[in-house]
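The values are calculated or read from the model by the stated rules, or taken from the named source; none is laboratory data. Everything numeric in this text was worked out from a predicted model, so none of it was measured. Reconstructed Cβ throughout: ideal geometry from the backbone, glycine too, with neighbour counts over all protein chains shown. Ligands, DNA and RNA are excluded from the accessible area calculation, which covers all protein heavy atoms including side chains. Shrake-Rupley method; radii C 1.70, N 1.55, O 1.52, S 1.80 Å.
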Amino acid sequence: YEAARVDGAGAWARFRHVTWPGLRTVTAFLVVLTTIGALKLFTQVAILTRGGPDGATTTLVLYLFREGFQAQRIGQGSAVAVLFFLGVTALALGLGRALRDGLRDGETRAAGREDRAGDERRVQKNAGVLPGLMVASIVMA
């Protein structure tokens with residue numbers, strides 16, 4: 001922060017160029033986990049509204065539960081579960097790829113050196129961990 005202030009950067013520029021790049025990965029990880037949590041919403045809807053009037057509050061997981069367990073359509077419930085897993089996994093991996101590209105661009109720009117190959121390898125190695133953590137959190141939750 002001090003270097004940016006000495007260079008004459010204002011509050012917005014310091015946030016945009018110093019604070020945000022440091023928080024980008026954490027923010028994206030939290031967005032993915034919050035989205036997964038919202039997609040997995042079941043208990044509140046099942047208890048409070050049971051899907052609501054005309055299915056207005058039916059979530060994907062509540063639909064899966066109704067088809068698989070209440071209506072005894074195991075095949076359809078299983079298909080919905082597999083599609084749900086694939087969709088959430090694709091979301092996590094897509095965001096991981098976007099993060100990896102963003103990190104690579106941001107860190108190599110910030111490095112300011114001619115030899116950036118080592119930096120790019122390090123960023124790729126570290127950014128590859130994020131999608132794995134996201135998928136692991138999906139499976140364990």
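In the range 1-25, which residue that is modelled with pLDDT under 80 and under 20 Å from L95 (Cα atoms) is least open to solvent (accessible area, probe 1.4 Å)?
Among them, the one singled out is T25.
All but one of (1) among the hydrophobic types (A, V, I, L, M, F, W, C); (2) within 20 Å of T89 (Cβ to Cβ); (3) in contact with a helix residue (DSSP H, G or I) (Cβ under 6 Å, 6 or more places away or on another chain) hold for L41, so report the exception by its number.
Every listed condition holds for L41 apart from (3).
Provide a single number: the residues in the range 26-59 that are open to solvent by less than 70 Å² (accessible area, probe 1.4 Å) and in a loop (DSSP other than H, G, I, E, B).
Residues flagged as open to solvent by less than 70 Å² (accessible area, probe 1.4 Å) and in a loop (DSSP other than H, G, I, E, B) within the range 26-59 amount to 9.
All but one of (1) open to solvent by 50 Å² or more (accessible area, probe 1.4 Å); (2) modelled with pLDDT of 80 or more hold for G68; which doesn't?
(1)
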